[in-house]
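Reviewing the structure listed below.
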Amino acid sequence: MDKKLTVIEAAKLLGVSKEAIYNRLRRGSLQSIIENGVKYILLTKSSLKEGSSIRKIENVTESAYVELLKVQLEEMKLKNEKLEADKERLIADKERLLIESKEKIEMIYKERDEQLKAILTLANRQITHTGNETVTSTNTPTTIVPSSNVTASPTPFSFEEADVLDEDEENRVVEDMFESYSDWRDLRSYLKEKGFSKKEKQHISDKIGKKIGQLNDVMDKNGKLFIKKGKKLKEILGE
């Protein structure tokens, strides 16, 4: 026996929306009649079976869609964790680079401050030495003539000569200091900048240390190794 139901009642019975009922009416899979201006849906056994099958299909489809969403959510979660890990790694690398740059800048300024102090000390010595010479030149020199029976002793080493020698030596040290910063690179800082390991840095330093006196591209200043700027390690090591 056919059932006569309103659109809302039919939708509720079949477990679908009103729009789905109207779509079936347009497709002809459902029949309807109008009584007193009201549209009624005629449901047969076949249409009820069809509605039950459709509900099962919709339930299966809904379950599959839910599972798909769960999979996609899990993938997005893994991607987010990976992005967070990459973010933390980049932050750590940035902090490490900033610390290394800060240490390098502090070392450069410390060495330059020490050089500036040495230059100022030498300048003060030269000014003092020049002032002493001016004072000495204004005094009347006293000449002592030894008697004939006194054996002349060797000329003693004068303080003026010592000052001159010290001045020449100090000027040479200053020139060497400027030369080391204009044409040379500190080997230890260079190897650290290139990211060599502690073992590699020691090995390279030992090999370059043996080149002292053999190559003009290698220099040892107070136990500190320098290499010529523009020269590659392979060229110096002969590799």
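Pairs exceeding a 26 Å alpha-carbon distance, out of LYS117/LYS207; LYS102/LYS198; LYS198/LYS232: LYS117/LYS207. Ligands, DNA and RNA are left out, and with a 1.4 angstrom probe the accessible area of the range 62-126 is 91 Å² per residue. Rolling a 1.4 Å probe over the protein chains gives LYS231 an accessible area of about 80 Å². For the pair SER189 and ALA85, a Förster radius of 35 Å applied to the C-beta separation gives a FRET efficiency near 0.60, rounded to the nearest 0.05.
The length gained by stretching the chain between ILE34 and GLU114 to full extension, at 0.36 nm per residue less their Cα-Cα distance, is 18.2 nm.
Quick one: net charge around VAL7, please, counting Lys, Arg +1 and Asp, Glu -1 for every other residue with C-beta under 14 Å from its C-beta. Before the final figure, lay out the partial values.
On the way: positive: LYS3, LYS4, LYS12, LYS18, ARG24, ARG26, LYS39; negative: GLU9, GLU19, GLU35.
Residues close to VAL7 contribute a combined charge of +4.
Considering only alpha-carbon pairs that sit under 8 angstrom and 6 or more positions apart, the relative contact order computed for the range 182-237 is 43 percent.
State in Å² the accessible area per residue of the range 182-237; use a 1.4 Å probe, count heavy atoms of protein chains only, and round to the nearest integer.
Numbers: 3920 Å² over 56 residues.
Accessible area per residue, the range 182-237: 70 Å².
The distance from the alpha carbon centre of the range 68-116 to that of the range 186-236 is 29 Å, rounded to a whole number. Treating each Cα of the range 3-43 as one equal point scatterer and applying the Debye formula with no solvent, the log10 of I(q)/I(0) at q = 0.14, 0.25 Å⁻¹ comes out as -0.24, -0.79.
Normalised by 2.2 N^0.38 Å, with N the number of residues, the alpha-carbon radius of gyration of the range 62-126 equals 2.61. Over the range 182-237, the hull volume per residue, using the convex hull of the C-alpha atoms, is 82 Å³.
For LEU69, what charge total do you get from the other residues with a beta carbon under 13 Å from its beta carbon, if Lys and Arg give +1 and Asp and Glu give -1?
On the way: positive: LYS70, LYS77; negative: GLU62, GLU67, GLU74, GLU75.
Here the count lands on -2.
Site pair THR44 and LEU73 shows an inter-label distance of 4.4 nm when each label is modelled 7 Å from Cα along Cα→Cβ. Only beta bridges with both residues in the range 182-237 are counted; by DSSP, about 90 percent of them are antiparallel. If you take all other residues with their beta carbon under 12 Å from the beta carbon of GLU95, and give Lys and Arg +1 and Asp and Glu -1, the sum is +1.
The values are calculated or read from the model by the stated rules, or taken from the named source; none is laboratory data. This structure is a prediction, so every number in the text was calculated from the model and none was measured. Positions of Cβ are backbone-derived with ideal geometry, glycine not excepted, and every protein chain shown enters the neighbour counts. Just so you know, the surface numbers come from the protein's heavy atoms only, side chains and all, with ligands and any DNA or RNA stripped out. Shrake-Rupley method; radii C 1.70, N 1.55, O 1.52, S 1.80 Å.
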